[in-house]
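First comes the structure, then the notes that go with it.
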Amino acid sequence: MVRLGVNVDHVATLREARKSKLPDPVAAAVMAEMAGAHGIVCHLREDRRHIKDKDLYLLKEMVKTHLNMEMAPTDEMVKIATEVVPDMVTLVPERREELTTEGGLDVIANFEYLHEAIMILRANNIVVSLFIAPEINQIKAAARVKADYVELHTGVYARAENLNTVADELEKIRAMALAASKLGLGVSAGHGLNYQNVREIAAIPQMEELNIGHAIIAKAVMVGMERAVREMLELIR
Ligand code: PXP
């Protein structure tokens, strides 16, 4: 079965709206796991706008399944990751002004820099995933740079309104999942996935894991974390 990683960033976003203690992303992670999530994802951003260092350390203590830390490939973040030792690090591009991670990493343009970060992380027993657009050149570069996984960016698929574009994007993701798998890379996907568009992505044979945040937290606000996670798990099954 495809694994579900629940991203708890937006629980922290709500907390930070009031700079208070609640809601707590660590408690949310525990509830998501109790509901059957296979992993927890959080993004420690350079500006600490939602998840704080303390949350990450607490998540490392509390998460019993699989902790996936999203981060930019900077010296500061690599150092934190080697201290925390999450199960997986997903390297993502980061720009201060963006609302969320907007594009994939350019593995080709940043090859040496990424290679250095990947080698340090892997030497610390951390599985490394690269968040990239579903493009063949990026996938080939991800294999060359010695990543373990690629997380295919589903943002364009998720935002597409025209049915032909949806079909084209889905086909692209399908083909790139196969290509990545043939190159020996593990395959996951994420960004913009929700209760309406997740099934087709989960049905891709090489897909191992889906990382979903906003849609699950948005539903959890209305119906509770447990139901929000369970309903997503039913769809990806
Ligand atoms: N995967 C990666 C690498 C991301 O950066 C994000 C957004 O934080 C997600 C998955 C989850 O995206 P969404 O919140 O749209 O489900």
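The values are calculated or read from the model by the stated rules, or taken from the named source; none is laboratory data. Everything quoted here is computed from the prediction, not taken from an experiment. Cβ coordinates were reconstructed from backbone atoms using ideal geometry, including for glycine residues, and neighbour counts include every protein chain displayed. Only protein heavy atoms, including side chains, enter the accessible area calculation; ligands, DNA and RNA are left aside. Shrake-Rupley method; radii C 1.70, N 1.55, O 1.52, S 1.80 Å.
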Assuming residue 209 fulfils every condition listed in (1) within 11 Å of the ligand (Cβ to nearest atom); (2) open to solvent by 20 Å² or more (accessible area, probe 1.4 Å) apart from one, which condition is it? (2)
Check residue 137 against each of (1) within 16 Å of the ligand (Cβ to nearest atom); (2) closer than 27 Å to residue 169 by Cβ and name the one condition it does not meet. (1)
Those residues of segment 214-237 which are within 12 Å of the ligand (Cβ to nearest atom) and open to solvent by 10 Å² or more (accessible area, probe 1.4 Å) amount to 214, 215, 217, 218, 219
Search result, residues across segment 187-217 that are touching a residue at least 40 places away in the same chain (Cβ under 8 Å) and small (Gly, Ala, Ser): 188, 190, 202, 213
Restricting attention to segment 194-205, which residues are part of a loop (DSSP other than H, G, I, E, B) and either within 12 Å of the ligand (Cβ to nearest atom) or surrounded by 18 or more Cβ atoms within 10 Å (Cβ to Cβ) (or both)? 194, 195, 197, 204
For residue 10, only one of the following conditions fails: (1) within 10 Å of the ligand (Cβ to nearest atom); (2) open to solvent by less than 50 Å² (accessible area, probe 1.4 Å); (3) not acidic (Asp, Glu). What is its number? (2)
Here the residues within segment 206-236 that are among the aliphatic types (A, V, I, L, M), within 18 Å of residue 181 (Cβ to Cβ) and in a strand (DSSP E or B) are 210
How about segment 164-193: which of its residues are more than 16 Å from the ligand (Cβ to nearest atom) and aliphatic (A, V, I, L, M)? 166, 167, 170, 175, 178, 179, 183
Could you say whether any residue in segment 48-61 is among the charged types (D, E, K, R), touching a residue at least 24 places away in the same chain (Cβ under 8 Å), crowded, with 19+ Cβ neighbours inside 10 Å and over 16 Å from residue 151 (Cβ atoms)? yes
